[in-house]
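The values are calculated or read from the model by the stated rules, or taken from the named source; none is laboratory data. Since the structure is predicted, the reported quantities are computational estimates derived from the model, not experimental observations. With ideal geometry, Cβ positions are generated from the backbone for all residues, glycine too; neighbour counts draw on all protein chains shown. When the accessible area is computed, the model is the full protein with side chains, heavy atoms only, and any ligands, DNA or RNA have been set aside. Shrake-Rupley method; radii C 1.70, N 1.55, O 1.52, S 1.80 Å.
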Amino acid sequence: ERLKKVVSSFDSESSSFQFHLTSRNILNLHAAHTIVNGQVSSLITMGIIIVLMLSLFFKSFKIGLLSLIPNLFPIFGLFGIMAIFNIPLNVGTCIVAAITIGIAADDTIHLFSRYLLDEKKSANPVESASMTIEEEVIPIITTSLSLAFSYVSFGLSSFIPLVEFGALSAYVLLLAVISDLYIGPAILSFFVSHEKGLKDFKIPLLLHSPE
């Protein structure tokens, strides 16, 4: 900015010289701004698409909004681990959130669909959540671990951005499993109990069936 002020004092209509700044640092700065802006816009777009698609699928805007919460947890975990280990936002890492959360959203759809079916079988929302987890835990873990291990294979590359992409993608998929198996059912159970007016509702460890 200081250089621009100096240059602007020479760059006038009466001058026969025109100036513009260029260097590798300036190009890197523009590239960094492009990556950050693209990351923000892609995450916002992804969130809107998930809410709209699931709202149409379940015919409920509330369910669409609830489905977004389990998918936000892995994103916070992603940027948190990048900050802790000083992993830069580069060409490889900037696409991790959009790609892996798009894949992980499939598990959210399966979980929510199964819960809405099980919720009709039981008046207890906690019991419904436990039934859902028992039915979906093996498919969710199996598919997510398979994808995570495939991303880990990128660690054999000598290209650092590709290595970071693979490691972070696997990490986000594991976070998505935790989110889908705990946060998703807990939110659904709390939402259903609130809708039904149930009192003294407490979210248990949902991997265990209620007594």
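For the range 144-160, the condition of being modelled with pLDDT of 90 or more and closer than 15 Å to M82 by Cα holds for none of the residues. Could you please tell me which pairs satisfy a Cβ distance under 6 Å, a separation of 6+ or placement on different chains, a first residue in the range 53-64 that is over 15 Å from I187 (Cα atoms), and a second residue that is open to solvent by 30 Å² or more (accessible area, probe 1.4 Å)? Within 6 Å, the pairs are S55/F61.
Of the helices (runs of 4 or more DSSP H) lying entirely inside the range 1-111, the ones with 3 or more residues being surrounded by 12 or more Cβ atoms within 10 Å (Cβ to Cβ) and either modelled with pLDDT under 80 or in contact with a helix residue (DSSP H, G or I) (Cβ under 9 Å, 6 or more places away or on another chain) (or both) are found at 24-58, 61-84. Which one of these does L116 not meet: (1) under 18 Å from I69 (Cα atoms); (2) out of contact with any helix residue (DSSP H, G or I) (no Cβ under 8 Å at 6 or more places or on another chain)? Every listed condition holds for L116 apart from (2). In the range 152-163 there is no residue matching the filter, namely being out of contact with any Gly (no Cβ under 7 Å at 6 or more places or on another chain), more than 19 Å from P185 (Cα to Cα) and open to solvent by less than 30 Å² (accessible area, probe 1.4 Å). Within the range 112-145, being open to solvent by less than 60 Å² (accessible area, probe 1.4 Å), part of a helix (DSSP H, G or I) and more than 16 Å from A176 (Cβ to Cβ) holds for S113, Y115, L116, D118, P125, V126, S128, A129, S130, M131, T132.
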